[in-house]
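> Mind having a look at this structure? Questions to follow.
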Amino acid sequence: MSKGVLAGIAGLIALALVPFVAADYALHIAIQILIWGFIYTAWSLMGRFGLTSFGHGAFLGIGAYVPALLWNYYSLTPWLGIPVGMALAMLMGVLIGYPSFRLRVVGHYFALVTLALSQVVLLSLVAAREVTGGSLGMTLNVKHSWIALQFGQKSVFYAIALVVWMAGLVVWWRVDTGIGRVALEAISEDEIAAASGGINVMREKLRVTVISAALTALGGSLLTQYIQYVNPDVVSGVAVSLQIVFAAIAGGMGTLLGPTVGAFFTIVLNESLRILFGIHFIGAANTIYGILLILFVIFMPQGIVGLIEGMSARSVRGVDEEEAAPAVPKP
Amino acid sequence: MDIFLLEAVVDGLLLGGVLALLALGLNLIFGVIDVVWICYVELVMCGMYTVYWLYSYFGVPFILACIAAILLVAVLGLAVHRLIIEPVLGFAPINQLLATGGLLFFLQSFTTLLFGTDFRNVGIHLAPIELGEIDVSKARLLAFAIALLGAGGLYLFLKRTYLGTAIRAIAEDREVMGLMGVSPRSIYFITSGIGGGLAGLAACLLVLQYDVHPFIGNSFGPITFMICVLGGLGNMIGGFAAAFIMSQIIAVGGYYFSIEFSYVLAFLLFIVMIFVRPQGIFSR
């Protein structure tokens, strides 16, 4: 067994033991890191291949609201509601992805189209205030049970979040090691050359888009199930969509654990600044966060994990685009 | 015609003036430097706070407060270019979007830190003008007129002056113009200053109509980008026309449905249009 696999197993055992040693507060932070890490990983499935979406808040919003509405109004269990939400998000991914890829809407045009999509979801949720509660948000009907996917103990939710997060990593790894990755990397470098090399550009792009949309929706569902409250701005606002992009990039979107490191980094930073400054200085955390993001984009666009890998593998050269996606060694 | 519908149309026309002014500066920067300042409306917010504090708190005359705001935001524009855009000019376009996105976060939270999340109003209430049976907001009419003047002034500057010609030339072809002795670096710098100044001007007009708060950019930002793209990024006349199309959809849609729903329509139209006419509705 290689060192990497051993380290992975040791890491998993350590993660599985967290609920037995951690206080409620630490467990709360850990759950948030896992769920957001999962969402950022889902985003990076697209982001690392040049499909920079500024609108994942749309998928997050669908995933957060659909099961919640079905549960509150029709008492439909989230076990069915969540797949419905994921399916709708996938449909939305196809509806926005197909014409975008067909008509070569790329770069900041793609970013703006997806941003518009997230605005459509956000404003629809606000507009349907009779059903969704509008900007005030919506509280889940509380019923602690497996059927309702609601639990009084944080440790149960931690276990669920851990499993889902790991599943996200497996999907990422499958995409990374599959034939699709070579194709997508070729596409993100030169689409026309890739197409003339026999790659079905359209199908590969749509595939990652649909997977990314479904997983993001699942992440949104989990957030709602955990917090038992949902609000349009929290899941679909411009700030959320941007935050997803930044955290994934800060962690490093070209590596397996990069987005999770991004989640860890941003959430721990946010929490410690909050504790440090208290509620008298709301905004202090995000002020520092904003500065860091600018510095990240300028000085280390390959992210934290990318930087560490770069340093251990070879001396860090400039920060060109190729460096942004260091190849992960094949098993 | 229904009197309320007429009022909605007139309202949309006047809102179009403000949106057009917002789109103008963003379009100028995009056309010349090929960069999208996603934090553009946050710069407008800085201008609004400047006017608010100078006028309402320190008692500076409104006109002087406006001039100060325009100058300050112009300087901010210069700083944005020098400190944030220049280091990433050679990077993929998406990195430039992200760098200015970081600034968006910074400006929103820093103003929250300084001023809190209170909605603040300069407290100038201009009496509405009665036109026939409908009331027209004087603040909006003023904004509309100044937006038109600003657009006209910018047009003349770009067409008639040496500097304006150099800016247009850079927008046309940046490689060749370097060889002709025009320095893209200084042109970019000047353009950023003008773009900032236009954001400051928009701030002076918006502050008469809306309360200022740290997150005002969230309500105006996305629609402004959509207008620029709809008109053809960098195409100033297109952007100007697109502003009026969008504002009519928002105002008339708001009359028939709800205001949020009319924004949903506007964004859906944007998505459809970018697929049908990706170079903007006025491309040839």
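The values are calculated or read from the model by the stated rules, or taken from the named source; none is laboratory data. For clarity, every value in this text was computed on a predicted model and none was experimentally measured. For neighbour counting, all protein chains shown are included, and Cβ atoms are generated from backbone atoms with ideal geometry for every residue, glycine included. Please note that ligands, DNA and RNA were not included when accessible areas were found on the heavy atoms of the full protein model with its side chains. Shrake-Rupley method; radii C 1.70, N 1.55, O 1.52, S 1.80 Å.
> To the nearest 500 deg cm²/dmol, what mean residue ellipticity at 222 nm is calculated for chain A from DSSP H runs of n ≥ 4 alone, each contributing -39,500 (n - 2.57), summed and divided by the residues? Write down the numbers at each step before the final one.
Details: 15 runs with 246 residues, N = 331.
Counting only the DSSP helices, I get -25000 deg cm²/dmol.
> Kindly tabulate the residues in region B:72-94 with an accessible-area decrease of at least 50 Å² between the chain alone and the assembly of all protein chains, using a probe of 1.4 Å.
For region B:72-94, once contacts with the other chains are taken into account, B:Phe91, B:Ile94 lose 50 Å² or more.
> Indicate the residues belonging to region B:256-280 that lose 50 Å² or more of solvent-accessible heavy-atom surface (probe 1.4 Å) upon moving from the chain alone to the assembly of all protein chains, ignoring ligands and nucleic acids.
Buried on complex formation: B:Glu260, B:Val264, B:Phe267, B:Ile271, B:Ile274, B:Phe275.
> Can you give the FRET efficiency to the nearest 0.05 for B:Leu179 and A:Leu103, using r as the Cβ-Cβ distance and R₀ = 30 Å? All intermediate terms of the calculation are to be shown ahead of the outcome.
On the way: r = 35 Å, r/R0 = 1.15.
Calculated value: 0.30.
> Work out the FRET efficiency for A:Ala87 and B:Arg160 from their Cβ-Cβ distance, taking R0 = 51 Å, and round it to the nearest 0.05. Numbers along the way, then the final one.
Details: r = 58 Å, r/R0 = 1.14.
So, using R0 = 51 Å, E works out to roughly 0.30.
> Continuing with the same structure: With solvent modelled as a 1.4 Å probe, how much accessible area in total do chains A and B shield from it at their shared surface, in Å² to the nearest 100?
On the way: alone 16230 and 13600 Å², together 26080 Å².
It comes to approximately 3800 Å² buried between A and B.
> Could you state the accessible area per residue of region A:1-109 in Å², with a 1.4 Å probe and every protein chain left in place? Could you put the intermediate results ahead of the total?
Details: 4700 Å² over 109 residues.
Per residue, region A:1-109 has an accessible area of 43 Å².
> Can you give me the Kirkwood hydrodynamic radius for region A:214-282, using every pair of distinct Cα atoms, in Å to one decimal?
Details: mean 1/r = 0.0743 Å⁻¹.
Result for region A:214-282 stands at 13.5 Å.
> Mind pulling the angle between the C-alpha long axis of helix B:184-206 and the longest principal axis of chain B? Nearest 10 degrees, somewhere in 0 to 90.
It is inclined by approximately 10 degrees.
> Let me see the P(r) profile for chain A: every Cα-Cα distance counted, bins of 10 Å, each bin given as a percent of all pairs.
Here the calculated profile for chain A is 6, 25, 35, 25, 9, 1.
> Spelling out what I want: for every residue of region A:133-149, take phi, set θ = phi - 60°, compute 6.51 cos²θ - 1.76 cosθ + 1.60 (Karplus), and round to whole Hz; glycine and proline get x.
Result, ordered by residue: x, x, 5, 6, x, 9, 9, 5, 5, 7, 7, 6, 6, 5, 4, 8, 6 Hz.
> Another question, if that's okay. Tell me which of A:Ile275, A:Ala195, A:Leu206 sits at the most positive position along the dipole axis of region A:190-277, charges placed on C-beta atoms (Lys, Arg +1; Asp, Glu -1).
Result: A:Leu206.
> What is the dipole size for region B:58-168, taken about its Cα centre, with +1 at each Lys and Arg Cβ and -1 at each Asp and Glu Cβ, in debye to the nearest 20?
Details: 7 positive and 5 negative charges, 93 e Å.
Rounded to the nearest 20 debye, it is 440 debye.
> Given chain B reduced to its alpha-carbon atoms as identical point scatterers, what log10 I(q)/I(0) does the Debye formula return at q = 0.12, 0.13, 0.17 Å⁻¹?
Once normalised to I(0) and log-transformed, intensities are -0.76, -0.89, -1.49.
> Over region B:148-194, what number does the Rg to Rh ratio reach, with both radii from the alpha-carbon atoms and Rh per Kirkwood? Kindly include the intermediate steps, with their values, before the conclusion.
Numbers: Rg = 11.0 Å, Rh = 11.0 Å.
Looking at region B:148-194, the ratio lands at 1.00.
> Which value, in debye to the nearest 20, describes the size of the charge dipole of chain A about its Cα centre when Lys and Arg Cβ atoms bear +1, Asp and Glu Cβ atoms bear -1, and nothing else is charged?
Numbers: 16 positive and 15 negative charges, 97 e Å.
For this selection, approximately 460 debye.
> Using bins 10 angstrom wide from zero, how does P(r) for region A:1-122 break down, in % of all Cα pairs?
11, 29, 28, 23, 8, 0
> With a cut-off of at most 16 other beta carbons within 10 Å, and DSSP calling the residue loop, which GluC sites (Glu not before Pro) in region B:121-174 qualify? Please list them.
On the way: sites: B:Glu130, B:Glu133, B:Glu172; in loops: B:Glu133.
The qualifying sites are B:Glu133.
> Further question: What value, in deg cm²/dmol to 500, does the helix sum -39500 (n - 2.57) over DSSP H runs of n ≥ 4 give at 222 nm once divided by the residues of chain B?
Details: 11 runs with 203 residues, N = 284.
Per the formula, -24500 deg cm²/dmol.
> Any number yet on Rg/Rh for region A:188-307, C-alpha, Kirkwood?
On the way: Rg = 17.6 Å, Rh = 16.7 Å.
Reported Rg/Rh (Cα atoms, Kirkwood Rh): 1.05.
> Can I get the semi-axes of region A:28-84's equivalent ellipsoid? Compute them from the C-alpha gyration tensor as square roots of 5 times the eigenvalues, in angstrom, largest first.
25, 15, 9
> Right, another one. Residues of A:51-64, mean number of Cβ from any other protein chain within 10 Å of their own Cβ, rounded to a whole number?
1
> Out of the total accessible area of the protein assembly as shown (probe 1.4 Å, heavy atoms of protein only), what percent is carbon and sulfur? Before the final figure, lay out the partial values.
Numbers: 18090 of 26080 Å².
On the protein assembly as shown, the fraction of accessible area on carbon and sulfur atoms equals 69 percent.
> Suppose all protein chains stay in the model; what accessible area per residue would a 1.4 Å probe give for region B:69-141, in Å²? Spell out each step's value before the answer.
Numbers: 3370 Å² over 73 residues.
About 46 Å² of surface per residue is accessible.
> For region A:37-186, count all C-alpha to C-alpha pairs, find those more than 19 Å apart, and express that count as a whole percent of the total. Walk me through the numbers before you get to the answer.
Values: 6901 of 11175 pairs.
Every Cα pair in region A:37-186 considered, those over 19 Å come to 62 percent.
> Next question, about the same structure. Placing +1 on the Cβ of each Lys and Arg and -1 on the Cβ of each Asp and Glu in the protein assembly as shown, which of A:Leu95, B:Gly77, A:Ile33 has its Cα farthest towards the positive end of the resulting dipole?
So the residue furthest toward the plus end is A:Ile33.
> Considering just Cα atoms, how many Å³ per residue does the convex hull of region A:1-40 enclose?
On the way: hull volume 2.7 nm³, N = 40.
So the per-residue hull volume is 67 Å³.
> Right, here's the next one. Compute the long axis of helix B:40-52 from its Cα atoms, compare it with the longest principal axis of the Cα atoms of chain B, and write down the angle in degrees, 0 to 90, nearest 10.
60
> If I fit a long axis through the Cα atoms of helix B:93-115 and take the longest principal axis of the Cα atoms of chain B, what angle between them do I get, 0 to 90°, rounded to 10?
Result, in degrees: 50.
> Using only alpha carbons, build the gyration tensor for region B:80-132 and give me the equivalent ellipsoid semi-axes, biggest first, whole Å.
37, 18, 9
> Let me ask something else about it. So, with +1 on the Cβ of K and R and -1 on the Cβ of D and E, and no other charges, what is the size of the charge dipole of chain B about its Cα centre, to the nearest 20 debye? The partial results should precede the final answer.
Values: 11 positive and 15 negative charges, 164 e Å.
Dipole magnitude for chain B comes out near 780 debye.
> If eta is 0.890 mPa s and T is 25 °C, what Stokes-Einstein diffusion coefficient results for region B:1-103, Kirkwood Rh from Cα pairs, in µm²/s?
156
> Counting pairs of Cα atoms in the protein assembly as shown, how many percent are more than 34 Å apart? Before the final figure, lay out the partial values.
Details: 81923 of 188805 pairs.
Across the protein assembly as shown, Cα pairs with separations above 34 Å total 43 percent.
> Write out the cysteines belonging to chain B for which the nearest other cysteine Cβ is not under 4.7 Å, or none if no such cysteine exists.
Here B:Cys39, B:Cys46, B:Cys228 come out as lacking a disulfide-compatible partner, given the Cβ-Cβ threshold of under 4.7 Å.
> May I ask you to work out the translational diffusion coefficient for region B:173-262 at 25 °C, viscosity 0.890 mPa s, via Stokes-Einstein with Rh from the Kirkwood sum over Cα pairs, reported in whole µm²/s? Don't skip to the answer; put the middle values down first.
Working: Rh = 15.7 Å.
The calculation lands on 156 µm²/s.
> Something else now. Loop-only trypsin sites (Lys or Arg not before Pro) in region A:92-151, please: DSSP not H, G, I, E or B, and at most 11 other Cβ atoms within 10 Å. Show your work: numbers first, answer last.
Details: sites: A:Arg102, A:Arg104, A:Arg129, A:Lys143; in loops: A:Arg104, A:Lys143.
Here the sparse-neighbourhood loop sites are A:Lys143.
> Right, something else. Span-like helices, chain A: DSSP H, alpha-carbon axial extent 24 Å or more, mean Kyte-Doolittle -1.0 or greater, which ones?
Answer set is A:3-21, A:24-47, A:56-74, A:78-102, A:107-127, A:154-177, A:201-227, A:258-277.
> With a point put 7 Å past each Cα toward its Cβ, work out how far A:Ser75 is from A:Val182 in nm, to one decimal.
The answer from the label model is 5.5 nm.
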